[in-house]
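Visitor: Here it is: the structure, laid out below.
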Amino acid sequence: MIVGLTGGIGSGKTTVLQLFEKLGAKVFIADLEAKKLMNNSPELIIEITNLFGKEAYVNQQLNKKYIASKVFNNAEKLAELNALVHPMVRHHFLKFKEIHNLDLIIYEAAILFESGSDKLCDYIITVTAEVNERIKRVIKRDGVTKQDILNRMQHQLNDDYKVLKANFVIDNNNLNSTKAQVKTIFSLLQELKK
């Protein structure tokens, strides 16, 4: 069974994912896989360099700040980058799925719907949190400004859409409550898997 896990920036997807992993779910983090591929796939490195120029890589590592500066205010460039990366991530996920075909797999992706990866999933969980809480978390985690976060939020689907498309919603404003919600959903998924 494949369960998509998504939510906006700062919603606490990583925390929720770790709780599911502790309960025994196998986890696949699409963003992490994308970063690995962008740094290690010779084919992808060439394509990204062709798209963004030599500044795209510094010391054979993706120049994240440079790429971010090129895509966050340019929807066309972001779409072009996603068109290069997402098919490769999907290919790697399908291999991962073959290895763990009897397990409950949580497929975590910030842009689950935007990338079309929701179509790979049997069920979807959306993680939500209050906007001010999300902003505080990201400032603490990434050391960025409130305006940077608001700019990033503009490029993600809003929570209302993700909630409507989800089978389960986790309100992640309080850790104890989140733990309880994850346990309940994990139990339900185990029943549905039978």
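Visitor: Out of all DSSP beta bridges with both ends in the chain, state the antiparallel percent to the nearest 5.
Guide: About 10 percent, rounded to the nearest 5.
Visitor: Something else now. Toward the positive end of the charge dipole of the chain, about the Cα centre and with charges on Cβ (Lys, Arg +1; Asp, Glu -1), which of Thr126, Ala75, Asn59 goes farthest?
Guide: Asn59
Visitor: If you filter the range 1-80 for trypsin sites (Lys or Arg not before Pro), then keep DSSP loop positions with at most 11 other Cβ within 10 Å, what is left?
Guide: none
Visitor: Report, in deg cm²/dmol and to the nearest 500, the calculated mean residue ellipticity at 222 nm for the chain, where each DSSP H run with n ≥ 4 adds -39500 (n - 2.57) and the sum is divided by the residue count.
Guide: Dividing the helical sum by the residues of the chain leaves -18000 deg cm²/dmol.
Visitor: With the chain treated as a Gaussian network of Cα nodes joined by springs under 10 Å, which of Asp142, Asp31, Asp118 yields the largest mean-square fluctuation?
Guide: Taking springs between Cα atoms under 10 Å, the residue moving most is Asp142.
Visitor: Let me ask something else about it. So what is the relative contact order of the chain, in percent, for Cα pairs below 8 Å that sit 6 or more residues apart?
Guide: 39 percent
Visitor: Here's another thing I want to ask about it. Would you mind working out the magnitude of the charge dipole of the chain relative to its Cα centre, with +1 at each Lys and Arg C-beta and -1 at each Asp and Glu C-beta, to the nearest 20 Debye?
Guide: My answer is approximately 440 debye.
Visitor: Distance in nm between label sites at Asn174 and Gln60, each 7 Å beyond Cα in the beta-carbon direction?
Guide: Here the answer is 5.1 nm between the modelled labels.
Visitor: Could you work out which residue, out of Ser41, Ser117, Ser11, moves most in a Gaussian network model of the chain, that is, has the largest mean-square fluctuation with Cα springs under 10 Å?
Guide: Ser41
Visitor: To the nearest 10 degrees, how steep is helix 13-22 against the longest Cα principal axis of the chain, on a 0 to 90 scale?
Guide: 50 degrees
Visitor: Please work out whether the range 1-89 counts as rounded, prolate or oblate from its C-alpha gyration tensor, where a ≥ b ≥ c are the square roots of the eigenvalues and a/c under 1.5 means rounded, while otherwise a/b larger than b/c means prolate and anything else oblate?
Guide: prolate
Visitor: Most fluctuating residue of Ala129, Ala83, Ala166 in a GNM of the chain with Cα springs under 10 Å: which is it?
Guide: Ala83
Visitor: Kindly express, to the nearest 10 degrees and within the range 0 to 90, the angle between helix 175-193's C-alpha long axis and the longest C-alpha principal axis of the chain.
Guide: Once rounded, one gets 80 degrees.
Visitor: Just to confirm the number: angle between the C-alpha axis of helix 30-40 and the first principal axis of the chain, 0 to 90 degrees, nearest 10?
Guide: In the chain, helix 30-40 runs at an angle near 30 degrees to the longest axis.
Each reported figure results from applying straightforward, stated rules to the coordinates on display, with no laboratory input. Everything numeric here is computed off the predicted structure, so don't read it as measured data. Methodologically, a virtual Cβ is constructed for each residue, glycine included, from the backbone with ideal geometry; neighbour enumeration extends over all protein chains shown.
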